[in-house]
Amino acid sequence: MRAALTIDNYGLDYLTASGVVPVLRDVSLAIAPGEVLGLVGESGSGKSSLAWALMRHLPANAREISGSLQLGDIDLQSLTAKQLTAVRGRRIGMVFQDPSTALNPTLTIGRQITEALMRHRDLNARDAKALAIELLGHVELRDPAAVLRRYPHEISGGEKQRVIIATAFGCRPDVILFDEPTTALDVITGARIIDLFARLRAETGVAALYISHDLAMMTRVADRVAVIRHGRIVEQAKASEIFSRPQHDYTRSLIAAVPRPERRLVHDIPGTDVLLQARGIEVQYGRAGLFRAAPPPATKAVDIDIRAGEIVGVVGESGSGKSSIARALTGLARFSGAISFDGGTLRGAGDMGAGYRRDVQIVFQHPDSSLNPRHRIGEILSRPLKLYGGDTAAVPRLLEQVRLPASYATRWPHQLSGGEKQRVAIARAFAARPRLVICDEITAPLDVSVQAQIIDLLLALRAETGAAYLFITHDLNLIRQIAHRIVVMRHGQLVDSRAIDAFGTDDVHPYTRELMAASPAPVG
Amino acid sequence: MSFAWLLRRLLLMIYTVAIVCVLVFAITQALPADAAQTLLGENASPEALAAVRTRLGLDDPVWLQFVHWVARAVSGNFGVSMRTGLPVAPEMLTALSRSLLLAAGSLALTLLVAVPMGMFAALRQGRVADTATSVIAYLGVSLPEFVTATVLALLLTDIVPWLPATGYVSPLENIGLALRHLALPVLTVSVILVAHVMRMMRSETLDVLQSDYVRAARLKGLPERTVLVRHVMGNALLPVITIVALDVGYLLGGIIVIEEIFAIPGIGRALMIAITTRDLPSIQAGAMIMATTYAITNTLADVVYALLDRRIRYD
Amino acid sequence: MTELLQRMIRKPQGVIGLTLLVALAILCLLGPWLAPYGPEKMDFLGRFRAPGWQNWLGADQFGRDVLSRLLSGARATVPMALAATLAGSAIGAVIGIGSAYLGGKSDEAIMRTNDAVMAIPGLLMALLLVSTLGNGAGNAVVAIALAFAPGMARVTRSVALAVRNQDYVKAAVARGEAAAHVIFREMLPNVMGPIIIEATIRVSFAVMLFATLSFLGLGAQPPASEWGLMVADARQYMHRAPWILIAPSAAIALSAIAFNLVGDALRDALNPRDDR
């Protein structure tokens, strides 16, 4: 039987101001009708470019240098613009990464679904509307008729993605491309979308190219998995086999980097002296303006204990208030409540003296904004040394400590990669010889292999200095590898707090259980 | 949009007008060490100075002067012109109506030309048409109004001799003649405004064209025309309101120069005459009317925008 | 700095802008010495002479050489505009940064008042101020500076707020750095860029505004060879000797264009750090 999608020896370049950049080379993939092929790669691997190439939506500076793209019996590269509008949506559909920007903000949801249905299913307006209602009900949206009348900003991210999926499936294409459809969503919402996809795919038998950076999740979603690196396919195998029998070194390293809760990386037990005790922390953002009341507090009476040398994980989805705790503890946000540290009690940023600020350091999430773009690395690292009475000659040693060459001291931040910038941020934190380092989602924007290296580095630094960590993340599997204790936050409240070996017991909070179910370990 | 928001917006407008009051009064009456001297010049006799002081109430403490001034202004009385002896307010308002005619004509012409041109330039981005329009727009923005007006007058009165170079005829008297007299000034103002608006329209349209939702619409297989009309235009036209509101302020400033050059008896010209003859009540009235017009226009634009844009919650 | 210049001359706009700017600088500094005739030198035999080898840009109604007047007039126009913009930016920057620093209700109150002041169009504000202070170039500079201040305050404030929300500023605050260090070492270098860009573009407005004030008789006074004044004088002879009008008009336009182009080139050069 003819393959639904055939990519044969495809090569792609981008012409940039600094020369020709190869993006894809010798890519050969085939998807049988009804099959789901997962394409796994890290950032810069070219996986998204392949999707744009298939949809024939490449940027003006793209040059296809070899190969062919076949959708069933259609040669995609030979289509004229007019023929393309007949093929897009109708024969090949796409679900995008960020649902909040993929819908037109000034048109109703109904309009945006029915226009596709009317075009590709040959329906009049009334029938299209009826079909739209049916489709939205099918993707588990409550009150579909009401949703049709709404505008995108009036529904949530997960609901928007369901609308987009419904539209794509509703046109009954042969193949649907999914470009990281859950990356922009919360863990639990994302897991539900994946369940929805599995159900719809079983019902409709559509073929799919599912692109993601998450190898673990992919083994649950796809039939076969292809691994792409620097524009080349390094391995293709059945989903059930790729984890257990990886052939290529790169696949092996990817697999090794995937967080697995049962694989502990920290084996010691911390002592019992409490380093920091936070009680009743309520974080308040924003003040009342001239006409507005102040917004409600971001957290509600949170209590956290951190022992010396301990790793405490704070897990939650976006809006749970976990980052707010970090800001309160470092005096970056106003809060009410009390922090006990070193025998003293602190009730606000004003109480935090030089000693506290030295002992408690923070590393931020976004490497691009946590280093001053107008300072060289050497200056960024020498600031804390000057402030806390260290020796500025220690800068090269700091860089070595985070496994960066000492020559980086003369570089500018924009010359470093994301992972390297995070290392500098960590070095900056450790320059003060802190007792507690707060890590606010520091690995979230990084590739999984880089993430593994950073975790490795953090554990090595902890072994050297005995610092404690407050590790904030949304990745439950990741934190279960390293934390001694984990607290779970939801809507500003602390809903669960348990030691690491207490995750299988019956008194686990239902929300924690949901999070665990949504962060599955990989198959194989 | 809630009533509370509307109320707050109106309060803001009133606050704006109040600040303008203070500012105009301060600059023209309170600041000058001796306003009477400024008005009459250096060679004025002490009697004349005293007479002016009494007439304008300049002997009272400043805050009292301000209170009197506001009290009178609110009731529509801006005093009597020192030049003509006639009440200021009716004169100024008539002048305003003429300026509004000029402004309305210019805005209409501008929107008709600049909006499509700006969108067109964005659609043809990088190509000759785009570069050409960008260059022209750049020039338009870099020429002061008086230069544009003078050069245009020079060119057009040579080519089209029946277009009068200056003067004004009320449309109520003779519509044909009125239009001929307005043609050149409207054209001049429009040229300047078109340059501004076109640049902004182009950049707004480009943003929309490069947005994720337009890309999604294209990849849904919608024909290009549908994408342009339904998805692009709806979003690209919304900022026009904001752009126009911004330009009204610019227009009000430029109108002073244009009316001076083309001898149109609008509020700009009235202000210039008031300034050069140091007619204090007329200066105050003219400035207040201009600034209030701007404040009202901005408020209207905000309200219209709120009605049209569904994304923002106004409560 | 050299890296910045290199980035700027990558595009044609940058090259043209910088060239014009350098030319302007030379005119302002050396103008009077470069002029073939004195700007005041009248030649009644050469009145309304068309452009030719004697007068490259022609002669005006008194036989004065237009080119010489133009060259000498550069320093009556451009440095004034620069001074006005600098002063206005400084005042605006203080208000803007102060408002951003205070935050909350004070910030809102200051900004609402600032916006209210902007309800008076720039030219009108300048006219009101000049009518109070008296005619003359110096007063025109003050008037323009005050007219520009609110706009610059707004821009400065939004830039300051954006920078203050960056993590590197928060990192410095969390470290316990003194406020002075945070403002001057962490924030200021990142705030300067966008403000300089905005100010550069504003200079072009200042040039036009200053010329307009002189045109209306309220700025520079005759017999100064300020370009706006030259246009005002030339209007009555517009049909007879258009070059008297066109030369200063072109000069004003080119100056404004120069600053506009340089401002845009700066913006492009300071922005994308990677070439994609």
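Odds and ends about this structure:
- The stretch A:246-266, residues that are without any contact (Cβ under 8 Å) to a residue 24 or more places away in the chain and in a loop (DSSP other than H, G, I, E, B): A:Pro246, A:Gln247, A:His248
- Matching option when the condition is outside any helix (DSSP H, G or I), facing another protein chain (nearest Cβ under 9 Å) and not hydroxyl-bearing (Ser, Thr, Tyr), among C:Leu261, C:Leu254, C:Leu218, C:Leu209: C:Leu218
- Meets criteria (outside any strand (DSSP E or B) and either within 21 Å of A:Val283 (Cβ to Cβ) or in contact with a Cys (Cβ under 8 Å, 6 or more places away or on another chain) (or both)) for A:Ala444: yes
- Yes/no for A:Ala86 being under 28 Å from A:Glu134 (Cβ atoms), assigned to a helix (DSSP H, G or I) and small (Gly, Ala, Ser): yes
- When B:Thr226, B:Thr242, B:Thr277 are checked against the criterion of being of a type outside the set (A, V, I, L, M, F, W, C) and without any contact (Cβ under 8 Å) to a residue 24 or more places away in the chain, a single residue qualifies: B:Thr226.
- Condition met for A:Val21 (without any contact (Cβ under 8 Å) to a residue 24 or more places away in the chain and either out of contact with any Leu (no Cβ under 8 Å at 6 or more places or on another chain) or part of a strand (DSSP E or B) (or both)): yes
- Residue match in the stretch A:214-221 (condition: of a type in the set (Gly, Ala, Ser), in a strand (DSSP E or B) and either assigned by TED's automatic domain parsing to the domain that holds A:Asp179 or free of Cβ contacts under 8 Å to residues at least 24 places away in the same chain (or both)): no
- Some residue of the stretch A:306-315 being within 14 Å of another protein chain (Cβ to nearest Cβ), surrounded by 15 or more Cβ atoms within 10 Å (Cβ to Cβ), aliphatic (A, V, I, L, M) and not in a strand (DSSP E or B): no
- Residue within the stretch C:71-80 that is under 17 Å from the mean Cα position of the chain (by Cα) and surrounded by fewer than 19 Cβ atoms within 10 Å (Cβ to Cβ) present: yes
- Residue check for C:Gly92: buried (at least 20 other Cβ atoms within 10 Å of the Cβ) and of a type in the set (Gly, Ala, Ser): yes
- Counting the residues of the stretch B:38-84 that are modelled with pLDDT of 75 or more and in contact with a Pro (Cβ under 7 Å, 6 or more places away or on another chain) gives 4.
- Options A:Arg327, A:Arg397, A:Arg374, A:Arg358: the member that is farther than 30 Å from A:Leu185 by Cα, of a type outside the set (Phe, Trp, Tyr) and buried (at least 18 other Cβ atoms within 10 Å of the Cβ): A:Arg358
- Some residue of the stretch A:67-76 being in a helix (DSSP H, G or I) and over 26 Å from A:Ile242 (Cα atoms): yes
- Number of residues in the stretch B:56-107 that are hydrophobic (A, V, I, L, M, F, W, C) and under 21 Å from B:Ala18 (Cβ atoms): the value is 16.
- Of the criteria (1) within 14 Å of another protein chain (Cβ to nearest Cβ); (2) assigned to a helix (DSSP H, G or I); (3) at pLDDT below 85, which one B:Ala165 fails: (2)
- Residue match in the stretch A:60-70 (condition: of a type in the set (Gly, Ala, Ser), in contact (Cβ under 8 Å) with a residue 12 or more places away in the chain, more than 12 Å from chain B (Cβ to nearest Cβ) and touching a Lys or Arg at 6+ places or on another chain (Cβ under 6 Å)): no
- Residue list for the stretch A:468-520, filter: surrounded by fewer than 18 Cβ atoms within 10 Å (Cβ to Cβ) and among the small types (Gly, Ala, Ser): A:Ala499, A:Ala502, A:Gly504, A:Ala517
- For C:Gln236, the conditions (1) away from chain A (no Cβ under 14 Å); (2) part of a helix (DSSP H, G or I); (3) in contact with a helix residue (DSSP H, G or I) (Cβ under 9 Å, 6 or more places away or on another chain) are fulfilled apart from (3).
- Residue count for the stretch B:67-113, restricted to those that are hydroxyl-bearing (Ser, Thr, Tyr) and assigned to a helix (DSSP H, G or I): 5
- Check on A:Ile269, touching a residue at least 40 places away in the same chain (Cβ under 8 Å), β-branched (Val, Ile, Thr), outside the structural domain of A:Gln451 (by TED's automatic domain parsing) and surrounded by fewer than 16 Cβ atoms within 10 Å (Cβ to Cβ): yes
- Matching residues, the stretch A:238-256, being buried (at least 16 other Cβ atoms within 10 Å of the Cβ) and either among the β-branched types (Val, Ile, Thr) or closer than 14 Å to A:Val450 by Cα (or both): A:Ile242, A:Tyr250, A:Thr251, A:Leu254, A:Ile255
- The number of residues in the stretch A:86-121 that are of a type in the set (A, V, I, L, M) and at the interface with another protein chain (Cβ under 8 Å from one of its Cβ atoms) comes to 7.
- Boolean, C:Ala160 is of a type in the set (Gly, Ala, Ser), closer than 29 Å to A:Gly348 by Cα and away from chain A (no Cβ under 13 Å): yes
- Residue that is farthest from the other protein chains (Cβ to nearest Cβ), among those in the stretch A:71-85 that are within 19 Å of A:Cys171 (Cβ to Cβ) and among the polar types (S, T, N, Q): A:Gln83
- Only one entry of A:Ile500, A:Ile442, A:Ile486 meets the criterion of being of a type in the set (A, V, I, L, M), touching a helix residue (DSSP H, G or I) at 6+ places or on another chain (Cβ under 9 Å) and under 22 Å from A:Leu215 (Cβ atoms), and that entry is A:Ile442.
- Complete set of residues in the stretch A:125-152 that are closer than 23 Å to B:Gly234 by Cβ and assigned to a loop (DSSP other than H, G, I, E, B): A:Arg150, A:Tyr151
- Checked against (1) part of a helix (DSSP H, G or I); (2) over 27 Å from the mean Cα position of the chain (by Cα), A:Thr101 passes all but condition (2).
- Looking across the stretch A:8-41 at every residue that is under 19 Å from A:Val175 (Cβ atoms) and acidic (Asp, Glu), the one that is surrounded by the fewest Cβ atoms within 10 Å (Cβ to Cβ) is identified as A:Asp8.
- The single residue among B:Gly126, B:Gly85 that is more than 11 Å from every other protein chain (Cβ to nearest Cβ) and either over 23 Å from C:Leu216 (Cβ atoms) or over 21 Å from the mean Cα position of the chain (by Cα) (or both) turns out to be B:Gly85.
The values are calculated or read from the model by the stated rules, or taken from the named source; none is laboratory data. Small disclaimer: the values here were computed from a predicted structure and weren't measured. Every residue, glycine as well, gets a Cβ built from its backbone with ideal geometry; the counts of neighbours run over all protein chains shown.
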